[in-house]
Each structure stands twice: as C-alpha cells, then as structure tokens.
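Just so you know, all these numbers are worked out from the coordinates, no wet-lab data involved. Please read all numbers here as calculations on a predicted model, not as lab measurements. A quick note on method: Cβ atoms are made from the backbone with ideal geometry, for glycine too, and the neighbour counts reach across all protein chains shown.
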Amino acid sequence: MTSYRPLLAILAAISAMLVACTLIYTTEFTGGVGGWLNIPRDTENAAIRSEVQDKLLDMIYTKENREDNLKAFGLSDSMIRRTMADITNYERNHLQRMEESLIEEAPDMDQVYAAFCSRSNARRPRYEALKFLVDEDNGRRPINIDRAQPLNYFEWADTARIDAVYRMLELPTDGNRRDDATLMGVAAILLAQEGVVIDGDAPWGRGVHKWSWEDVEAKYPYVDDRAVAYFALLHVFSELMHKEGALCDQ
C-alpha cells in the first residue's frame with residue numbers, strides 16, 4: 001500500500017512557505033493586511049511638518065502695505081515709526097540710485113530674483129534678503145546706502161544657519177508661531193545667535209519664560225537699530241522689485 005505521508009508533508013511545507021511569503025509581502029510593501037502596520041513614526045511627523053505653511057506667505061510689498069507688514073514682522077509701535085522714517089528718507093534721497101545702480105547693476109540677477117521674488121516655504125524674501133542687505137563688517141550690519149555697491153551675495157551667509165532659524169521660528173511643527181517670530185529670527189541672525197535659537201535656549205526658547213524680545217534688547221542694546229535699518233532696506237528694495245514691470249513682475 002502506497003504511503004502518502006511524505007507527499008502530504010511536502011505539500012504542507014510548501015503551503016506554509018507560501019503563507020509566510022504572503023505575510024512578508026503585505027507587511028513590508030502594503031503596510032500589512034490593513035495597510036497600517038509599516039508606517040514609520042518619522043514619516044508621519046514629516047507629513048505633519050510639510051503641512052505647516054508660512055503665515056506670511058502671501059505678503060505683498062507695496063507702499064500701502066508698509067505698516068501692516070512691519071506689524072506682521074512683530075515690530076513694536078516705536079520701531080515701526082523709526083522704520084517708516086528710514087523708508088521715507090530712502091524715498092526722498094536714494095530711490096533712483098537704489099533702483100538704477102544697486103538693483104539693475106547687480107552682478108547675478110538670478111540670485112537677486114531668487115532672494116526677493118520667491119514665495120514658498122523654501123525661500124522667503126524677509127530672510128533671503130539678509131544675504132544681500134547685511135554685511136559682516138565689525139559684526140553683521142545692514143549695508144550703508146551711501147557706500148553700498150550693487151546688490152551681491154555676502155559670503156558670511158554661507159555658514160550662517162539662516163534656513164534653520166527660519167524653519168524653527170516660522171514653521172514650528174505644532175503650528176504655534178509667535179507673533180514676533182520674524183523680528184526675533186532676523187535679530188538672532190543679525191547677532192550671529194543662530195545656535196541659541198536652534199538649541200531652544202533663552203531668550204529665543206519655546207517656553208513661556210524663555211522667549212522674550214525685551215530680554216534680547218536688554219542683552220544686546222544695539223539690536224533695535226540694526227533691526228530697524230534692515231527692515232527699512234528690505235521693504236524699499238522689495239517694493240522696487242515688485243512694482244509693475246520690475247524684476248519680480250516679469
């Protein structure tokens with residue numbers, strides 16, 4: 001009488017292998033039977049981060065929007081008044097030179113366009129412009145219009161962690177952006193304090209008692225002047241480039 005036991009054993013082994021292969025496939029490539037077993041937590045977090053949008057993404061740089069924009073940056077009323085005064089001075093005394101010499105004679109117009117005209121989470125004019133409007137001469141200082149050369153990229157920005165500061169303060173993963181995030185972020189870069197921001201230490205920390213513009217001012221009394229000078233330059237140059245027929249309108 002023929003014994004079928006060996007054959008049955010072989011068939012059972014083959015069936016077990018097929019089941020195992022099916023389970024491996026569904027787990028590794030489809031996330032399991034329900035499609036959820038193999039989704040890494042990091043992937044979920046990355047998806048959440050990608051959904052955080054710059055709250056100032058649609059900012060428009062025009063004469064009519066100056067005060068509203070400065071408020072959105074987080075400047076105090078007194079800083080806004082000083083910034084507006086600087087802007088008026090540029091309008092009256094420097095506008096033609098700023099447009100015809102400093103912008104139109106820029107050696108790399110593509111770089112200038114990318115800095116001042118882009119509108120995305122990857123490139124924001126209020127941070128990208130630092131690379132062209134701030135020189136590292138006895139500290140990071142906004143350029144002096146009377147002595148300024150055509151807009152060019154300053155090499156200090158190669159090692160400054162501008163993008164990291166922007167993402168940390170303007171695109172927090174919890175969505176709780178501070179109202180003065182731009183002022184605090186720009187100030188940190190002007191003061192070469194990016195590391196403090198990234199480490200989450202006071203006065204740029206995320207805690208209630210670790211975030212304070214007043215503490216920044218107390219520690220760096222000259223920061224107000226640098227911030228005011230920068231935001232005035234930023235707005236005037238941005239207005240010139242965004243007006244009809246100008247660089248950002250092409």
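Values computed for the structure shown
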| quantity | calculated |
| --- | --- |
| Cα gyration tensor, the range 58-117 - rounded (a/c under 1.5), prolate or oblate | oblate |
| Shape of the range 63-249, Cα gyration tensor, a/c cut at 1.5 | prolate |
| Gln53-Asn138 FRET efficiency (beta carbon distance; Förster radius 51 Å; 0.05 resolution) | 0.85 |
| Efficiency of FRET from Cβ geometry, Ser120 and Ala246, R₀ 30 Å, rounded to 0.05 | 0.90 |
| Footprinting exposure proxy for Glu104, Glu64, Glu128 (fewest neighbouring C-beta atoms within 10 Å first) | Glu64, Glu104, Glu128 |
| Only Lys, Arg (+1) and Asp, Glu (-1) charged, at Cβ; the range 63-249 dipole about Cα centre in debye | 400 |
| Theoretical gain in end-to-end length, Arg92 to Ile198 [0.36 nm per residue, Cα-Cα removed] | 34.2 nm |
| From phi via Karplus (6.51, -1.76, 1.60), per-residue ³J(HN,Hα) for the range 198-204 in Hz, x at Gly/Pro | 5, 6, x, 8, 5, x, 10 |
